[in-house]
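The block underneath contains the structure these notes are about, expressed in structure tokens.
The values are calculated or read from the model by the stated rules, or taken from the named source; none is laboratory data. Being a predicted model, the structure only gives us computed values, none of them experimental. Cβ sites come from the backbone with ideal geometry, for glycine too, and all protein chains shown count toward neighbours. Remember, those area values only see protein heavy atoms, side chains included, never the ligands or the DNA or RNA. Shrake-Rupley method; radii C 1.70, N 1.55, O 1.52, S 1.80 Å.
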Amino acid sequence: MHARFALIAGALVVALLIVGPAPGVEAAMSTPTASAAATSASGIRVSWLDANADVGSFYLERSLKKTSGFRRIAILPGNTRTYQDGGLLAATTYYYRVRAKTGSRYSRRSAVVSATTDLASAATATRTATPRPTTTALPTASATRTATSVPTATRTATPIATVTQTPARTATSAPTATRTATPTPTRTATRTATPTRTATPTPVSTQTPARTATAAPTATRSATPTPTRTATPAPTATAAFDPLLVGFLPGVGAAMDVAVSGATAYVASDAFALTSIDVATPGAPVVDATSDVPLAGAHVAVAGSRAIVTTVEAGLAHVRVLDLSTGVRMVGDLATTAPSILDVAVNPAGTVAVIALGASGVWVVDLANPAAPVRRGTFDTAGVAFAVALNGTGSLAYVADGSGGLKILSLANPSAPAQVASLAVSGIQRDVALQGAVVYLADQMGRLVTVDVANPSAPVQLGALALGRYVFNVAVEGTRAVLHSADSVAYLDAVDVTSPTDPASLGSVAVDAAGGIKGVALGGGRAYVANGGAGLKIYDLGAVPAIRGTMKDAFTATRVAATDTLAVLTGAHLASNTARLQVIDTENPTLPVVLGELPTTVTPAGILDVAVNHAGSLAVTAMGASGIWVVDLRDPTTPVRIGTFDTTGTAFAVAFDASGGVVYVADGGGGLKVVSLATPNAPAQVGSLAVSGIQRDVAVQGGVAYLADQMGRLVTIDVAAPAAPHQLGAVTLGRYAYGVAVEGGRVVMSSADSTAYLDVIDVGVPAAPVVLGSVAVDAAGGIKGLALAGGRAFVANAGQRVRVYGLATPSAPTQLGSGYTVGAANDVAPGSGAAFVADAAAGIAIVDLYAN
């Protein structure tokens, strides 16, 4: 299996090399000429001239760099020649380019133009106070993040159980709002009486286990004294505030650690080893490069154009040396016999690294020849070496030594590191940061501890701040420190360290369930959080002007529809507990971009399905008991609901016809509904067909609609005349049926008893469909969505991710591959040359149709 991974802001691509020619022929059209001018401190007007006839649309792109990082910000009608870009930062230069599109043909992009926004007015925006998380009493058990009383594991493996929240696609009120949960045959999710079932054989009535989110397991902690809250003087240096989330980049694998250098963040992650991310615009972080060798990265340190990443390979830890001068390229490897490395630090010259190995103390690694790193020396500290920091010259190492307090080692002779001082500090020291002559310790038992190390041979404790929660990580910059603390929730805490003898709490923000934060860094007045499977999060600490718009990272994709260059996701916005629709630009399948969002007030499971017309100008959502919504996508940056139609049954699924002017609705007990969108803001029913059973999904090809009848059938409907649909045929599966997809003369379905199956059906004669074969995929409820494209079946298999099946032998579908996503695969839709997956953790994943 060959794979290429690419990452984006707001969504992730796991892209296997897309096969096929590039869209359009750029040389066939003339190139627009653009200009740009600032209109205010937050706005720039972009204008252009174009000589092409009958232009269908213009694609406008923006970047903060002249030569890279461009993203599409608008798709504009062909008669448009100007665009007012707003919500920009003051006194900032933005770069633009534009190109024209007609049909499938594109012009070349215009020359890059730029403008600089005006200076901001004297008025300063007031930051709205974020409610402070309530500090709860600490458990009386140990705060170690390992399974033993003596901390020996990694800095990232918090024993507090992390809850993986799988968004239920089941509605909170009737009908059942999921296309995959398998209800019993007697449950009819309609608002009207369910039609009496005909002589179709009754499927075996097997109760399907519900796939709902489980309650958080209670974390058991071993006996360790509860940290006590000490009296701390009220902060006086800086007004209190809570960190504000301003940027979010999911899909960097499981983000385990982060380091910041200038305008670049480096994320160590499981799967990608190391990713460099341009954070010059924190609200829109952009992936610059990913390691040429994918590995399970754990910790990272950076010096100039060199990075050191610790990895775990075949159960053993390695020290990897990477060259950052051109991309992210691995150049050296030092294998160890340890199961894990807990931290790594590197000197400013990038010639010496020190790694913390827990109970084994520290190693000193010579990087003078980056292609062949060598262990020069070791020092076994008295405690558990959790973390290490180096001074500005790389001559001294400061070790957070667990219950052994602080150790200071001389590296004057790297082959024989020697302890020059030790300071007993109560608690368990889990992390260390150094700034100037002050060391900052994260005491797991609930404190930030400051230590004067101006005289390295005689360190002296200066002060401490009790947080009332376990503390695991610390980073410092200027007068600010950030901590990762946790009770049942993981928090990012901001601390004023203007006076190291009197550190003062400024505020905190809940980031994830306990264990979600893996590492923290500070750079440019902003905090960077490695948030495991959720990716990288960027927080404004009030040291710089607040970003005008914030990224919303609490979106979990559940359904997807796609055209050649655009995808529409629906899912749950967890923070507001509502459903949301996102529009994604997929023209470049290796770098999709979130263009716009449509918030709603319905419950997270309120949108049961979504379809988009071929032009990408309209989407229709199935809203269960509320019928359907029509959404205008002509300006993809601002999708708007323009019409609704309340069907008589329960709208479980929707499909467009080839023209995009008619929508077919699988209406539960209401059968099939045919709705005209001739006037999109006033959709009108033009046809209806009563079909026995509960219609859960619909696919349309040519003049035939294919219905998945939950009661165990595939039903074929002649819709050549939309106003007069009539049933052609049906085939009985003998199991509950939930999903359907069609291509050519084949249909695939998802069915279930106590097991979920993929079924292959011959529909060469739609009036006489024939079941050819089936294969067991998972336990009932495991299949969340289906696509059939390129002669292959793509199965969204929840936590098992995507499975690809070959149908060359339809009586026995063969699994060709699996994986492809970061999180749970909740739905899959066919596109041009690719399958688009609703990835619960990362938004969207794009999978080559010809993978494997």
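Among the numbered criteria (1) closer than 21 Å to VAL279 by Cα; (2) buried (at least 22 other Cβ atoms within 10 Å of the Cβ); (3) modelled with pLDDT of 90 or more, which single criterion is violated by ARG480?
(2)
I'm told THR33 meets every condition in (1) more than 30 Å from ILE277 (Cα to Cα); (2) touching a Pro at 6+ places or on another chain (Cβ under 6 Å); (3) β-branched (Val, Ile, Thr) except one. Can you identify the failing condition by its number?
Every condition holds for THR33 apart from (2).
Here is a check on your reading of the model: is ALA442 touching a Ser or Thr at 6+ places or on another chain (Cβ under 8 Å) and assigned to a strand (DSSP E or B)? Let's see the steps before the verdict.
Working: touching a Ser or Thr at 6+ places or on another chain (Cβ under 8 Å): no; assigned to a strand (DSSP E or B): yes.
No, not satisfied.
Name every residue in the range 100-113 that is under 17 Å from LYS66 (Cβ atoms) and crowded, with 16+ Cβ neighbours inside 10 Å, in order of residue number.
ARG109, SER110, VAL112, VAL113
Could you tell me whether the range 250-272 includes any residue that is at pLDDT below 85 and among the aromatic types (Phe, Trp, Tyr)?
Scanning the range 250-272, I find no residue that is at pLDDT below 85 and among the aromatic types (Phe, Trp, Tyr), so the answer is no.
Return a yes/no flag: does the range 232-246 have any residue that is of a type outside the set (Gly, Ala, Ser), at pLDDT below 90 and over 30 Å from PRO500 (Cα atoms).
Keep residues of the range 232-246 that are of a type outside the set (Gly, Ala, Ser), which gives 232-233, 235-236, 238, 241-246.
So of that shortlist, the ones also at pLDDT below 90 come out as 232-233, 235-236, 238, 241-246.
Checking the rest, the ones that are also over 30 Å from PRO500 (Cα atoms) come to none.
No, the range 232-246 contains no residue that is of a type outside the set (Gly, Ala, Ser), at pLDDT below 90 and over 30 Å from PRO500 (Cα atoms).
Evaluate the following for VAL560: is it surrounded by 24 or more Cβ atoms within 10 Å (Cβ to Cβ), under 30 Å from ILE846 (Cβ atoms) and at pLDDT 90 or above? Give the derivation first.
On the way: surrounded by 24 or more Cβ atoms within 10 Å (Cβ to Cβ): yes; under 30 Å from ILE846 (Cβ atoms): yes; at pLDDT 90 or above: yes.
Judged against the criteria, VAL560 is a match.
Return the pairs, sorted by first residue and then second, in which the second residue is open to solvent by 30 Å² or more (accessible area, probe 1.4 Å) and of a type in the set (Phe, Trp, Tyr), the first residue lies in the range 739-755 and is assigned to a strand (DSSP E or B), the beta carbons are less than 6 Å apart, and the residues are 6+ apart or on different chains.
SER751/TYR757
Please work out which one of (1) within 34 Å of the chain's Cα centre (by Cα); (2) over 15 Å from SER114 (Cα atoms); (3) of a type in the set (A, V, I, L, M, F, W, C) is the condition ALA90 fails and give its number.
ALA90 satisfies every listed condition except (2).
If I filter the range 779-789 for residues that are at pLDDT below 85 and either in contact with a Lys or Arg (Cβ under 7 Å, 6 or more places away or on another chain) or under 27 Å from SER269 (Cβ atoms) (or both), do I get at least one hit?
Initially, the range 779-789 is screened for residues at pLDDT below 85, giving none.
No, the range 779-789 contains no residue that is at pLDDT below 85 and either in contact with a Lys or Arg (Cβ under 7 Å, 6 or more places away or on another chain) or under 27 Å from SER269 (Cβ atoms) (or both).
Could you say whether any residue in the range 637-650 is hydrophobic (A, V, I, L, M, F, W, C), surrounded by fewer than 24 Cβ atoms within 10 Å (Cβ to Cβ) and under 16 Å from ALA562 (Cα atoms)?
no
Going through GLY427, GLY468, GLY446 one at a time, which residue ends up being within 17 Å of SER508 (Cβ to Cβ), open to solvent by 10 Å² or more (accessible area, probe 1.4 Å), more than 29 Å from the chain's Cα centre (by Cα) and not β-branched (Val, Ile, Thr)?
Working: GLY427 fails: within 17 Å of SER508 (Cβ to Cβ); GLY446 fails: open to solvent by 10 Å² or more (accessible area, probe 1.4 Å).
Among GLY427, GLY468, GLY446, only GLY468 is within 17 Å of SER508 (Cβ to Cβ), open to solvent by 10 Å² or more (accessible area, probe 1.4 Å), more than 29 Å from the chain's Cα centre (by Cα) and not β-branched (Val, Ile, Thr).
Residue-wise test of (1) more than 21 Å from ALA268 (Cα to Cα); (2) basic (Lys, Arg); (3) open to solvent by 20 Å² or more (accessible area, probe 1.4 Å).
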{"site": "PRO348", "(1), (2), (3)": "no, no, yes"}
{"site": "ALA359", "(1), (2), (3)": "yes, no, yes"}
{"site": "VAL362", "(1), (2), (3)": "no, no, no"}
{"site": "LEU367", "(1), (2), (3)": "no, no, no"}
{"site": "ALA371", "(1), (2), (3)": "no, no, yes"}
{"site": "ARG376", "(1), (2), (3)": "yes, yes, yes"}
{"site": "GLY383", "(1), (2), (3)": "yes, no, no"}
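With SER505, SER422, SER485 as the choices, which residue is among the hydroxyl-bearing types (Ser, Thr, Tyr), part of a strand (DSSP E or B), closer than 19 Å to VAL529 by Cβ and open to solvent by 20 Å² or more (accessible area, probe 1.4 Å)? First the steps, then the outcome.
Working: SER422 fails: closer than 19 Å to VAL529 by Cβ; SER485 fails: open to solvent by 20 Å² or more (accessible area, probe 1.4 Å).
The match here is SER505.
When the residues of the range 542-557 are filtered to those that are among the aliphatic types (A, V, I, L, M) and either modelled with pLDDT of 80 or more or over 30 Å from VAL497 (Cβ atoms) (or both), which remaining residue is most open to solvent (accessible area, probe 1.4 Å)?
Of the residues in the range 542-557, the ones among the aliphatic types (A, V, I, L, M) are 543-544, 546-547, 551, 554, 557.
If we keep only those that are either modelled with pLDDT of 80 or more or over 30 Å from VAL497 (Cβ atoms) (or both) as well, we get 554, 557.
Working: ALA554: 26, ALA557: 0 Å².
The residue in question is ALA554.
Restricting to the range 814-826, give me the number of residues that are open to solvent by less than 10 Å² (accessible area, probe 1.4 Å) and outside any strand (DSSP E or B).
Residues meeting the conditions: 1.
Looking at the range 41-73 only, could you name the residues that are among the basic types (Lys, Arg), over 25 Å from the mean Cα position of the chain (by Cα) and in a strand (DSSP E or B)? Please lay out each step first, then the result.
In the first step, residues of the range 41-73 are kept if they are among the basic types (Lys, Arg); the result is 45, 62, 65-66, 71-72.
Within this subset, residues satisfying the condition of being over 25 Å from the mean Cα position of the chain (by Cα) are 45, 66.
The answer is ARG45, and nothing else.
Please go through the range 707-723 and give me each residue that is buried (at least 22 other Cβ atoms within 10 Å of the Cβ) and within 13 Å of VAL663 (Cα to Cα), ordered by number.
Step one: filter the range 707-723 for residues buried (at least 22 other Cβ atoms within 10 Å of the Cβ), giving 707-717, 719.
Residue satisfying the conditions is VAL719 alone.
Do any strands (runs of 3 or more DSSP E) lying entirely in the range 553-641 carry at least 1 residues that are within 27 Å of LEU788 (Cα to Cα) and without any contact (Cβ under 8 Å) to a residue 40 or more places away in the chain, and which ones are they? Steps first, answer last, please.
Working: elements: 555-562, 566-573, 578-585, 593-599, 609-612, 618-622, 628-632.
It comes to 578-585, 628-632.
Do we have VAL665 as assigned to a strand (DSSP E or B), open to solvent by less than 10 Å² (accessible area, probe 1.4 Å) and closer than 21 Å to LEU786 by Cα here?
Details: assigned to a strand (DSSP E or B): yes; open to solvent by less than 10 Å² (accessible area, probe 1.4 Å): yes; closer than 21 Å to LEU786 by Cα: yes.
The answer is yes for VAL665.
Select from the range 49-85 the residues that are closer than 16 Å to ALA38 by Cα and at pLDDT below 85 and write down the one among them that is least open to solvent (accessible area, probe 1.4 Å).
The extreme case among them is SER63.
Hey, could you check the range 642-658 for residues that are of a type outside the set (A, V, I, L, M, F, W, C) and without any contact (Cβ under 8 Å) to a residue 40 or more places away in the chain and say which is farthest from LEU707 (Cα to Cα)? Write out each step before concluding.
From the range 642-658, those of a type outside the set (A, V, I, L, M, F, W, C) are 643-644, 646-650, 657; that's our starting set.
This time we only want the ones that are without any contact (Cβ under 8 Å) to a residue 40 or more places away in the chain, so: 644, 646-647.
Details: THR644: 22, ASP646: 20, THR647: 17 Å.
Among them, the one singled out is THR644.
Are there any strands (runs of 3 or more DSSP E) wholly within the range 254-338 with 1 or more residues that are closer than 21 Å to ALA527 by Cα and open to solvent by less than 10 Å² (accessible area, probe 1.4 Å), and if so which?
Numbers: elements: 254-261, 264-270, 273-278, 286-290, 296-303, 306-313, 316-323, 329-335.
Passing ranges, in order: 254-261, 264-270, 273-278, 296-303, 306-313.
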